[in-house]
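J.: To start, I am sharing the structure in question, which I have written as structure tokens.
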Amino acid sequence: MKAKREFRDREEVEVAVLDALVDRGGDGMTVFELRAAVDVDIDTLETALSELKEDALISVERDDGRTVVLPDDRVVPDPTEMPDDDEGLFDAIRDRLGL
């Protein structure tokens, strides 16, 4: 699952972070898990996380002794409102072209 369309006009790394967090569900991810999922260096990831936190699109919580990053609820799409396959294809093409 991907982050809602209105949050996809951000830097590529920020979108990748949001997508990874949304895909994980409510469990959240550690910084190390995010780094592996997004495949960027730690400085780039830190910058992206800082921007997302500043815009209140993520939160950071302690869970059973580990620190996890969670997406804000408004970033997570409602599964009952998922686009059909044609719209998904259109979105993929639009994203690929950077429109």
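The values are calculated or read from the model by the stated rules, or taken from the named source; none is laboratory data. Treat the numbers as computed from the prediction; the structure is a model and nothing was measured. Reconstructed Cβ throughout: ideal geometry from the backbone, glycine too, with neighbour counts over all protein chains shown.
J.: If you check every pair at least six apart or on different chains, which have Cβ atoms under 7 Å apart with a residue in region 23-49 that is under 19 Å from residue 72 (Cα atoms) first and a residue that is assigned to a loop (DSSP other than H, G, I, E, B) second?
T.: These pairs meet every condition: 23/1; 48/11.
J.: Against the definition (part of a helix (DSSP H, G or I), surrounded by fewer than 17 Cβ atoms within 10 Å (Cβ to Cβ), among the small types (Gly, Ala, Ser) and modelled with pLDDT of 85 or more), how does residue 59 come out, yes or no? Walk me through how you get there before you give the answer.
T.: Numbers: part of a helix (DSSP H, G or I): no; surrounded by fewer than 17 Cβ atoms within 10 Å (Cβ to Cβ): yes; among the small types (Gly, Ala, Ser): yes; modelled with pLDDT of 85 or more: yes.
The answer is no for residue 59.
J.: Something else now. Quickly run through region 36-55 and pick out the residues that are touching a strand residue (DSSP E or B) at 6+ places or on another chain (Cβ under 9 Å) and surrounded by 15 or more Cβ atoms within 10 Å (Cβ to Cβ).
T.: 37, 49, 52
J.: Something else about it: What residue, among those in region 9-30 that are assigned to a helix (DSSP H, G or I) and either of a type in the set (Ser, Thr, Tyr) or surrounded by fewer than 17 Cβ atoms within 10 Å (Cβ to Cβ) (or both), is modelled with the highest pLDDT?
T.: Per the stated criteria, the residue is 12.
J.: Taking residue 33 as the residue in question, decide whether it is surrounded by 13 or more Cβ atoms within 10 Å (Cβ to Cβ) and under 11 Å from residue 69 (Cα atoms).
T.: Against the criterion (surrounded by 13 or more Cβ atoms within 10 Å (Cβ to Cβ) and under 11 Å from residue 69 (Cα atoms)), residue 33 qualifies.
J.: Quick check on my filter: what residues within region 40-56 are of a type in the set (Val, Ile, Thr) and in a loop (DSSP other than H, G, I, E, B)?
T.: Answer for region 40-56, where residues must be of a type in the set (Val, Ile, Thr) and in a loop (DSSP other than H, G, I, E, B): just 40.
J.: Across region 74-99, which residue is surrounded by the most Cβ atoms within 10 Å (Cβ to Cβ) among those that are at pLDDT 70 or above and assigned to a loop (DSSP other than H, G, I, E, B)?
T.: 76
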